[in-house]
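In what follows, a structure is listed as structure tokens, so that the remarks can point back to it.
Please treat every number below as a calculation from the coordinates, not as lab data. Note that the coordinates shown come from a computational prediction; the quantities given were computed from them, not determined experimentally. Methodologically, a virtual Cβ is constructed for each residue, glycine included, from the backbone with ideal geometry; neighbour enumeration extends over all protein chains shown.
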Amino acid sequence: MTSQQEIAPSVLVPLAAQIDITTCGQACDQLSVALIFGAPVVIADFTLTTFCDCATLRALLAVHRQAAASHAELRIAVPLSSPVRRLMQITGLDEQFRLYPTAAHAAAPQFPQSADRSP
């Protein structure tokens, strides 16, 4: 990560309480737009999300690849007790994404071992 990315503000995208195949496009579009406009760090805030389907997780992977291709970072704020986090663990996506227990943790300046990989 460049020093410019370390000091640039992150973009927080709060997501809906329920995300399914009918709403995942809108959620991921919000994340993609932040990347298109050059945000070095985009935070997908699942703090209030209680349901997220597998179509949304697939779309989130595409956003993750978009971030990597533009030398940006997608961070996922998802509480430790969240059913969304549990789904990410079951599918193995917790190993693909950088997960944080809160949006504040995700927005904090990052150092190599600061991502939360715990259950």
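With a Förster radius of 22 Å, plug the Cβ-Cβ distance of T22 and T50 into 1/(1 + (r/R0)^6) and report the FRET value to the nearest 0.05.
Working: r = 16 Å, r/R0 = 0.73.
It comes to 0.85.
Please find, in a Gaussian network model of the chain (springs between Cα atoms separated by less than 10 Å), the residue of Q18, Q26, Q96 whose mean-square fluctuation is greatest. Taking springs between Cα atoms under 10 Å, the residue moving most is Q96. The amide H of E73, built 1.01 Å from its N in the peptide plane, has V41, V42 as neighbours under 5 Å, considering only residues 5 or more places off or on other chains.
Distance between the modelled labels on S70 and Q30, one decimal in nanometres: 1.6 nm (7 Å Cα→Cβ projection).
List every DSSP H helix in the chain whose Cα atoms extend 20 Å or more along the helix's own long axis and whose mean Kyte-Doolittle hydropathy is at least -1.0. Don't skip to the answer; put the middle values down first.
Numbers: long enough: 54-69 (23 Å, 0.78).
Helices meeting the span and hydropathy rule in the chain are 54-69.
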